[in-house]
Amino acid sequence: MKPVGILGGTFNPVHYGHLRIAEELADALALDEVRLMPANLPPLRDAPDVPGAVRLHMVRLAIAGNARLQADDREVSKTSLCYTVDTLATLRDELGADCPLVLLIGADAFARLHRWHRWSELFALTHFAVAERGGHPSIVDAPLDPLLARELAARRVDDPAQLRASPAGAIYLAPTSVLQISATRIRALVSRGASARYLLPQPVLDYIHEQGLYGPPEQRLRETSPA
Ligand code: ATP
């Protein structure tokens, strides 16, 4: 059974950092599909000022034409707080007990995993593939919470093929491209009217300008593509 990958995040907006880890890990792990799943109200950070439906739309624009990448609206369609452990339990019910499920996650987010709701239950539901994140220490060097470090030491596998051999429970540190791109930086660039081109797909940037997201109105149209 081919594994399914999940990439969660706020996607405010989606950018090439997200898309490259989805694409590279789909190859490395022989994933049938990777579902990009925007969070509605992320439990550990302020609610994004851009509605979930809009962030989901940007994800759809970004992955158009790539059959392996799918947008998953199960979290944005909820109005209540969503915990990853609950979302993964629902997915596990849908996919069945044997299907390998892999949560794709950047090193910065993995280093904070011990703060997630019922985090230690996640290993019974999913594998983890941890991508390097430019500007953040590699997971091998990062100062980790002792319990998380213990899980990493016990569960780490070096061969991605091992993620296909069981439904959940392993952690793979993936040698993905390090793209030092963040949504924070893109929002900052747009808000001061600077160029965010080539950090994210142009249809997403065009949409940001059309809708006046992140920036003052007079700066919205500077980077839109020619018709
Ligand atoms: P923000 O700057 O608003 O915090 P972000 O760019 O970190 O946003 P998120 O939507 O919060 O994007 O990230 C979702 C997931 O993608 C997280 O696991 C994060 O670590 C990972 N990720 C985001 N950008 C990159 C990148 N450039 N390289 C590797 N992983 C990334």
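Under the simplified labelling scheme, the Asp27-Asp49 pair shows an inter-label distance of 3.7 nm, with each label point 7 Å from Cα along Cα→Cβ. Against the empirical curve 2.2 N^0.38 Å, the C-alpha radius of gyration of the chain lands at a ratio of 1.01.
Once the Cβ-Cβ distance between Ala194 and Ala142 is put in as r, and R0 is 25 Å, what FRET efficiency do you end up with, to the nearest 0.05?
On the way: r = 31 Å, r/R0 = 1.22.
Approximately 0.25, to the nearest 0.05.
On the full set of protein chains, 1.4 Å probe, figure out the accessible area of Tyr207 and give it in Å² to the nearest 10. Here the residue's solvent-accessible area equals roughly 40 Å².
For segment 141-184, what class follows from the C-alpha gyration tensor (a ≥ b ≥ c being the square roots of its eigenvalues): rounded when a/c is under 1.5, otherwise prolate if a/b is larger than b/c, else oblate? Oblate, since a/c reaches 1.5 and b/c is not below a/b.
The values are calculated or read from the model by the stated rules, or taken from the named source; none is laboratory data. The structure displayed is predicted, hence computed values, not measured ones. Every residue, glycine as well, gets a Cβ built from its backbone with ideal geometry; the counts of neighbours run over all protein chains shown. Heads up: the accessible areas ignore ligands, DNA and RNA and are worked out on the full protein's heavy atoms, side chains in. Shrake-Rupley method; radii C 1.70, N 1.55, O 1.52, S 1.80 Å.
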